Amino acid sequence: MNQMNNLNNTTAMKAITILTMAIGLCSAQAWSQDLRYTQYNAIPTSINPAFAGSMDDARLATVYRNQWASMPGSYTGWHVAADWYNSNLNSGFGILMTQEEAGAGGLSTTRIAGQFAYEIPLGGGWRLRPALQGAFGNRSIDMQQLTFGDQLIRGPQVSTIEDRPSVSRHYFDFATGFLLSGKYNWLGVSFDHLNNPNESLNPTYIDPMDIKTSIHGGWRMPIQDYMRDRHHGDLIVAFNYMAQGPFDQLDLGIYYDTKPLSFGLWYQGLPFGHTIEGGTDVDAVSAIFGYGTENWKIGYSYDITLNRLGLSTTGGSHEIVLSYNWKTYQKKPSATPRYLPCPVF
């Protein structure tokens, strides 16, 4: 009986895989979202090109995310970004590459982008940074990883008689953003997929990407003991509101940043909003731990799933970040140090 149940479960999972991929290939109005990173502050150019070159140091950062790790064909992604500032041009430059893979069928998205941000000093330590981003993207599916109906009937080890060439689509993608930052505050807004590129893998349909809007910011408050002239770290409050098509989400976070350790807690959802099905939108709570020296920093976060899928079903989400900063030679050094008050994990 147990063997029969296992066989039925295996067949059901394969049928679900086929149905899911069929919907992704054939639907004219499939909804999709970009992968969201919990530690986006460690890779800020991933949400806003205006962060490119926002510090005096050059920066190289990478992140890996495994979303809903216990589910078959979990959603995984990694991101690599480099950015630097040129004081002679009052400009920041950035390069980033992302790779995302969803499901057991090898559905993957790759994007390589270049970024440019111009810095306008406003006085009093405030800076305004408008920015542009241009990217080349590719969306593809490895048909060799799919299971077809004739294999379910004749056995999983039997090759399909279906013709299954892999499918791929290339596209250009554009984004823009703005960042206003001071000594203790920052506020940014960005718009991605401005040209609504077509991401459909079916040549008979057009499936334009929805524009993704992100509004993000926060405030850093030093914890100072003036009687003993001691600094006990910083308390940081941050937020990130994202909207793409019918989906939106508000992330609210708080950090305690004390060198070399940092601790953070994030709420993901819309505490006063609703899902597209109706009802309160509560997605997850994330715990972040970071350790950093002057140059090297490493961070880890774990998302505890609170939605209807539950933690026992999804296994939560894991994310690890590694970054490295280094000094660059500038013919015209900055009159005052340039820094960002946002957390680095």
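The values are calculated or read from the model by the stated rules, or taken from the named source; none is laboratory data. The structure displayed is predicted, hence computed values, not measured ones. Neighbour counts are summed over all protein chains in view; Cβ atoms, including those assigned to glycine, are modelled from backbone coordinates with ideal geometry.
Can TYR64 be described as under 29 Å from TRP296 (Cβ atoms), of a type in the set (Phe, Trp, Tyr) and at pLDDT 90 or above? Judged against the criteria, TYR64 is a match.
Any chance you could count how many residues in region 52-74 are farther than 15 Å from ARG36 by Cβ, of a type in the set (A, V, I, L, M) and part of a strand (DSSP E or B)? Even if it seems obvious, please write down each step before you answer.
First pass over region 52-74, keeping only residues farther than 15 Å from ARG36 by Cβ: 52-62, 69-73.
The next check asks that each one be of a type in the set (A, V, I, L, M); those that pass are 52, 55, 58, 60-61, 69, 71.
Those left that are additionally part of a strand (DSSP E or B): 58, 60-61.
Residues that pass the stated criteria total 3.
Residues in region 75-126 that are in contact (Cβ under 8 Å) with a residue 60 or more places away in the chain, more than 21 Å from the chain's Cα centre (by Cα) and in a strand (DSSP E or B) were compared, and the one that is nearest to GLY177 (Cα to Cα) is TYR85.
For ARG220, are the conditions met, namely being out of contact with any Ser or Thr (no Cβ under 6 Å at 6 or more places or on another chain), modelled with pLDDT under 90 and of a type in the set (Lys, Arg)?
Details: out of contact with any Ser or Thr (no Cβ under 6 Å at 6 or more places or on another chain): yes; modelled with pLDDT under 90: no; of a type in the set (Lys, Arg): yes.
It is false that ARG220 is out of contact with any Ser or Thr (no Cβ under 6 Å at 6 or more places or on another chain), modelled with pLDDT under 90 and of a type in the set (Lys, Arg).
Of everything in region 111-132, what is surrounded by 15 or more Cβ atoms within 10 Å (Cβ to Cβ) and in contact with an Asp or Glu (Cβ under 8 Å, 6 or more places away or on another chain)? Give them in sequence order. Within region 111-132, ARG111, ALA113, GLN115, ARG127, ARG129 meet the criteria. Within region 37-66, being in contact with a helix residue (DSSP H, G or I) (Cβ under 8 Å, 6 or more places away or on another chain) and not small (Gly, Ala, Ser) holds for TYR37, TYR40, PRO44, THR45, ILE47, PHE51, VAL63. Residues of region 150-159 include none that is at pLDDT 85 or above, surrounded by 13 or more Cβ atoms within 10 Å (Cβ to Cβ) and either touching a Phe, Trp or Tyr at 6+ places or on another chain (Cβ under 6 Å) or outside any strand (DSSP E or B) (or both).
Answer yes or no: is there a residue in region 82-92 that is among the hydroxyl-bearing types (Ser, Thr, Tyr), under 16 Å from SER140 (Cβ atoms) and crowded, with 18+ Cβ neighbours inside 10 Å. Break it down into steps so the answer makes sense when it comes.
Initial filter on region 82-92 (among the hydroxyl-bearing types (Ser, Thr, Tyr)): 85, 87, 91.
Among the residues that remain, those that are also under 16 Å from SER140 (Cβ atoms) are: none.
No, every residue in region 82-92 fails to be among the hydroxyl-bearing types (Ser, Thr, Tyr), under 16 Å from SER140 (Cβ atoms) and crowded, with 18+ Cβ neighbours inside 10 Å.
Tallying residues that are part of a strand (DSSP E or B) and either among the small types (Gly, Ala, Ser) or crowded, with 20+ Cβ neighbours inside 10 Å (or both) within region 174-211 yields 8.
Just to be sure, is TYR256 buried (at least 17 other Cβ atoms within 10 Å of the Cβ), touching a strand residue (DSSP E or B) at 6+ places or on another chain (Cβ under 9 Å) and at pLDDT 90 or above?
Spelling it out, it is not the case that TYR256 is buried (at least 17 other Cβ atoms within 10 Å of the Cβ), touching a strand residue (DSSP E or B) at 6+ places or on another chain (Cβ under 9 Å) and at pLDDT 90 or above.
Pairs are defined by a Cβ separation below 8 Å, a sequence spacing of at least 6 or placement on different chains, a first member in region 247-269 that is at positive phi, and a second member that is in a strand (DSSP E or B) and of a type in the set (A, V, I, L, M); the pairs so defined are GLY269/LEU250; GLY269/VAL282; GLY269/ALA284. When each of GLN249, GLN224 is tested for being loosely packed, with under 15 Cβ neighbours inside 10 Å and assigned to a strand (DSSP E or B), the lone residue that passes is GLN224.
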